[in-house]
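Q: Below is one structure. I have some questions about it.
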Amino acid sequence: MIIKTVLLIAFFSVFISIGLYCRRHSTDVNGFVLGGRSVGPWLTAFAYGTSYFSAVIFVGYAGQFGWNFGVASTWIGLGNAFIGSLLAWVILGRRTRIMTQHLGSRTMPEFFGQRYGSARLKVLASFITFVFLIPYTASLYNGLSRLFRMAFNVDYSICVIVMALLTAIYVIAGGYMATAINDFIQGLIMLAGIVAVILAVLAQNGGFMSSLVKMSEVSSPVMKGAYVSFFGPQPLYLLIVVLLTSLGTWGLPQMVSKFYAIDNERSIKTGTIVSTFFAIIVAGGCYFLGGFGHLFTTEQEVQANGMDSIIPTMLSGLPDILIGVVLILVLSASMSTLSSLVLTSGSTLTLDFIDPLRGNRMSEAQKMTVMRIFIAVFIVISAAIAIVQARSRITFIAQLMGVSWGALSGSFLAPFLYGLYWKKTTRASVLTAFGFGTVMMLLQLCTSLGLFTPAGPVLRWIFRNSLYSGVFSMVVSLLIVPVVSLLTQRTAPAGVDDMFRCYDRSVVVHAKTVLGDRDK
């Protein structure tokens, strides 16, 4: 108990100190929201990775999908690394940084408003962001409850309140720079922690090869040895999970905003490599660990205690020092994602909703004050939802958490991607994508609650769960935007050619970076 307590006190002390230290970077809106667009490659890469992976993945998804797919669940982590990190940096990173700086955008809704010349799109995007980030944020707390009960026998509500309070202090004080520096430290903890935990857990069954042999003996209703097969017992479902958790990040405001703050070209290259490596270790490690869940619990225990009990059960036999490491690991994952979400939501609501309602007349000082207030409000609401959901098991809240990711990605991914690459994208197509993504996931919520019954096998397949409907929303939106754009060119924004000239601006580079013409 002493070891675990000391680790937690040291953990919290460091982050609060960093938040207070970074107040000097948060004197204006640009510094508070984007760190002055001068964040280095390592901080940006770790901020991206730690915002990506939270307790939801380590405790919830790793246990659930590891149980369903066995060792093949590792593909989810690799998909997160190569699609959600590597391709995201390559396809979105540079263009996002250039275009958002040219337009002066500080949030994703602000980008939509300026890129498509529509204040209504900005307000609508900020409303969607705020509504669907709240339940997503609340879900971050859930992964901590079982671990803290196992280690400290501490009430879940106390854990949520302490975590919310400490996150609020360093985010409100230090803004983006504080979260970036803390994310770097938390990322190092996550890298070291996941490796140590995997080795310790597998050692309980004689190591990797012995664990793999035992997994091959676990019976499956599909086929013999399904849980050690290359694609697992449900390949199609595995693909759906990979797409939503990997491609879906391209449309999440809290993820894309990391590209806004990139410092220079070197940051792009270094950040791409570092974030991919981080994702391979952390995400790949989490899902790989979860793939051995069948060795630590039974079907009956999972049905009685839920999927979230799998990972805590696997960890319960570890030494105290490693349990302390796990607690710090999960806290790091949760607080880093939480800080990113609340900063995104507070800045979006202030800059893209409140300020336009007041005729864009708010001063820098007023914006800073309002942002800090909304960050506090956002944390309080999400913490309250998490506590209420844990105590009463309200189905509506649990289902709403499941559709958040799909609604945000289904609404924003296609308009953002085409907005960076295609001049002919129109306001009408963006509005259609917003409506389609939101309505699809609300229908999914109604289906899960028994309020809507899909007719026909195709609709029943689409609304099988939020993963299927979320992927369907993203893929269809990628088709909707170009089709609707070609049919509604009258709603194309003016001045697009000038916007895209930012990509053609000449810059001087060294010959070691780009080959010039052959010497005459």
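Q: Does Phe292 count as within 25 Å of the chain's Cα centre (by Cα), modelled with pLDDT of 85 or more and either over 21 Å from Val71 (Cα atoms) or surrounded by 14 or more Cβ atoms within 10 Å (Cβ to Cβ) (or both)?
A: Working: within 25 Å of the chain's Cα centre (by Cα): yes; modelled with pLDDT of 85 or more: yes; either over 21 Å from Val71 (Cα atoms) or surrounded by 14 or more Cβ atoms within 10 Å (Cβ to Cβ) (or both): yes.
So Phe292 passes the test.
Q: Another question about this same structure. Taking the condition at pLDDT 90 or above and assigned by TED's automatic domain parsing to the domain that holds Pro493, does Trp461 pass?
A: No; evaluated as a whole, the condition is false for this residue.
Q: Out of Phe231, Phe259, which single residue is of a type in the set (Phe, Trp, Tyr), in contact (Cβ under 8 Å) with a residue 12 or more places away in the chain and in a loop (DSSP other than H, G, I, E, B)?
A: Going through Phe231, Phe259 in turn, the sole match is Phe231.
Q: Something else about it: If a residue has to be closer than 29 Å to Gly291 by Cβ and among the small types (Gly, Ala, Ser) to count, how many in the range 160-218 make the cut?
A: 11
Q: Being of a type in the set (Ser, Thr, Tyr), over 30 Å from Val33 (Cβ atoms) and out of contact with any Gly (no Cβ under 6 Å at 6 or more places or on another chain) is true for just one of Tyr237, Tyr227. Which residue is that?
A: After applying the criteria, what remains is Tyr237.
Q: With the range 409-516 as the region, which helices (runs of 4 or more DSSP H) entirely inside it contain at least 3 residues that are farther than 26 Å from Leu103 by Cβ?
A: So the answer is 427-448, 457-462, 466-487.
Q: Look at Ile76 and say whether it is assigned to a helix (DSSP H, G or I), assigned by TED's automatic domain parsing to the domain that holds Met307, over 30 Å from Glu299 (Cα atoms) and not acidic (Asp, Glu). First the steps, then the outcome.
A: Numbers: assigned to a helix (DSSP H, G or I): yes; assigned by TED's automatic domain parsing to the domain that holds Met307: yes; over 30 Å from Glu299 (Cα atoms): no; not acidic (Asp, Glu): yes.
Against the criterion (assigned to a helix (DSSP H, G or I), assigned by TED's automatic domain parsing to the domain that holds Met307, over 30 Å from Glu299 (Cα atoms) and not acidic (Asp, Glu)), Ile76 does not qualify.
Q: So which residues in the range 418-444 are out of contact with any Leu (no Cβ under 9 Å at 6 or more places or on another chain), more than 30 Å from Arg464 (Cα to Cα) and among the hydroxyl-bearing types (Ser, Thr, Tyr)?
A: Selection gives Tyr421, Thr425.
Q: Which of the helices (runs of 4 or more DSSP H) contained wholly in the range 85-202 include at least 3 residues that are at pLDDT below 85?
A: 119-152
Q: Would you pick out the residues in the range 292-306 that are of a type outside the set (S, T, N, Q), in contact (Cβ under 8 Å) with a residue 12 or more places away in the chain and not in a helix (DSSP H, G or I)?
A: Filtering the range 292-306 for residues of a type outside the set (S, T, N, Q) gives 292-296, 299, 301-302, 304, 306.
Pick out the ones that are also in contact (Cβ under 8 Å) with a residue 12 or more places away in the chain and you get 292-296, 301-302.
Listed by number, the residues that qualify are Phe292, Phe296.
The values are calculated or read from the model by the stated rules, or taken from the named source; none is laboratory data. The model shown is predicted, which means the values in this text are computed figures rather than measured ones. Please note: Cβ atoms are built from the backbone with ideal geometry, for glycine as well, and neighbour counts cover all protein chains shown.
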